[in-house]
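The values are calculated or read from the model by the stated rules, or taken from the named source; none is laboratory data. All figures in this text were calculated on a predicted structure; none of them were measured in a lab. All Cβ positions, even for glycine, are placed from backbone atoms using ideal geometry, and neighbour counts span all protein chains on display. For the accessible areas, the whole protein counts, side chains as well, though only heavy atoms, and no ligand, DNA or RNA atoms are used. Shrake-Rupley method; radii C 1.70, N 1.55, O 1.52, S 1.80 Å.
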Amino acid sequence: MFTRTAALLVALLVLGSAPVRAADKLTVLLDWFVNPDHGPLIVAENKGFFAAEGLEVELIAPADPNDPPKLVAAKKADIAVSYQPQLHIQAAEGLPLVRFGTLVATPLNTLVALKDGPVKTIADLKGRKVGFSVGGFEDALLGAMLKKHGLALSDVELVNVNFSLSPSIISGQVDAVIGAFRNFELNQMDIVGQPGRAFFVEEEGVPPYDELIYVAHRDSLSDQRLKRFLAAVEKATQYLVNHPGEAWEAFIDGRKDLDDELNKRAWRDTLPRFALRPAALDSGRYRRFEAFMRETGLVTKPTDVTAYATELQ
């Protein structure tokens, strides 16, 4: 009996002194500074969902929002938060990037005018000024929306307002802006007493698309860390839906600068837009949007969906 007990104690001591396996590290480059769009990532980190999957995830906000996909393509980071429209362009350019998950599953982009202003319908934009911040994709969106109402880009005056979208409408510099996010600019305008009227791109001639996606290098798709990353993100998204108040507290934990009225409203409006099945891929949806990108001239040649989007098995 003594011998068996002593042997058990020795075994326990050996197990207790054995080194704990270190968590696998992942570097995730965000598309912009931390904001409610990144809710599932922040909650997964704060509530231990990444740790439960054996991951140590470093979330990094970029100095230049154009850099994250390029750095992943160059194998300088593991994952980038990016945009589906941007991915189509990059795939056509030959970048080895593949979408393997979805963060925000609906467009956030809108065409916005003042609610009490003269623009009641898109047709009212004829002869008026429309502000934009990023040329190329945004004016393609606007062109499709105008076309549905019998207008063309030549019927409006485009004004580059940089990233001063809401102020440019409120000040009267422009009559509307394309590129305003429905969860941010609309709330921003309402808070200062100048509510906006939104025209949603997916209701006005633009195929639905995923606003924010996760992309990785094509060579890393067999890396099991990616599947564990998505498993943690899915658990975090379920937690967000089930416990929005607690999830908000986790989101602002250590980030008190985000605890303001604008971010609270943006949090509320973004919750229903997170992908409940982040790993799931709707290939037909991607094909339809790629066809739109070709029609608008943003990409010039067809690319098979399997070359730039996948559902990890």
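Brief remarks on what is shown
- Of the set (1) modelled with pLDDT of 95 or more; (2) under 23 Å from residue 290 (Cβ atoms); (3) outside any helix (DSSP H, G or I), all apply to residue 87 but (3).
- Within region 65-77, being open to solvent by less than 30 Å² (accessible area, probe 1.4 Å), assigned to a helix (DSSP H, G or I) and more than 10 Å from residue 30 (Cα to Cα) holds for 72, 73.
- Count - residues of region 169-184 that are in a helix (DSSP H, G or I) and crowded, with 22+ Cβ neighbours inside 10 Å: 1
- For the condition at pLDDT below 95, open to solvent by less than 40 Å² (accessible area, probe 1.4 Å) and outside any strand (DSSP E or B), residue 62 qualifies.
- Filtered residues of region 149-160 (kept if in contact (Cβ under 8 Å) with a residue 24 or more places away in the chain and under 20 Å from residue 126 (Cβ atoms)): 149, 150, 151, 155, 156, 157, 158, 159
- Of the helices (runs of 4 or more DSSP H) that lie entirely inside region 1-58, not one contains 2 or more residues that are in contact with an Asp or Glu (Cβ under 6 Å, 6 or more places away or on another chain), over 20 Å from residue 99 (Cα atoms) and modelled with pLDDT of 95 or more.
- The single condition from (1) open to solvent by 50 Å² or more (accessible area, probe 1.4 Å); (2) at pLDDT below 95 that residue 166 fails is (1).
- In region 164-185, the residues that are more than 21 Å from residue 211 (Cβ to Cβ) form Cβ pairs under 6 Å with partners that are open to solvent by 50 Å² or more (accessible area, probe 1.4 Å), at six or more places apart or across chains, as follows: 170/194; 174/129; 175/128; 175/129.
- Just one of the listed residues (134, 156) is over 30 Å from residue 75 (Cα atoms) and of a type outside the set (Phe, Trp, Tyr), namely 156.
- Among the residues of region 121-128, none qualifies, meaning not one is basic (Lys, Arg), surrounded by fewer than 17 Cβ atoms within 10 Å (Cβ to Cβ) and within 28 Å of residue 300 (Cβ to Cβ).
- Residue match in region 147-162 (condition: more than 22 Å from residue 116 (Cβ to Cβ), open to solvent by less than 40 Å² (accessible area, probe 1.4 Å), assigned to a loop (DSSP other than H, G, I, E, B) and modelled with pLDDT of 95 or more): yes
- Scanning region 194-224 for residues that are open to solvent by less than 50 Å² (accessible area, probe 1.4 Å) and more than 21 Å from residue 88 (Cβ to Cβ) yields a total of 5.
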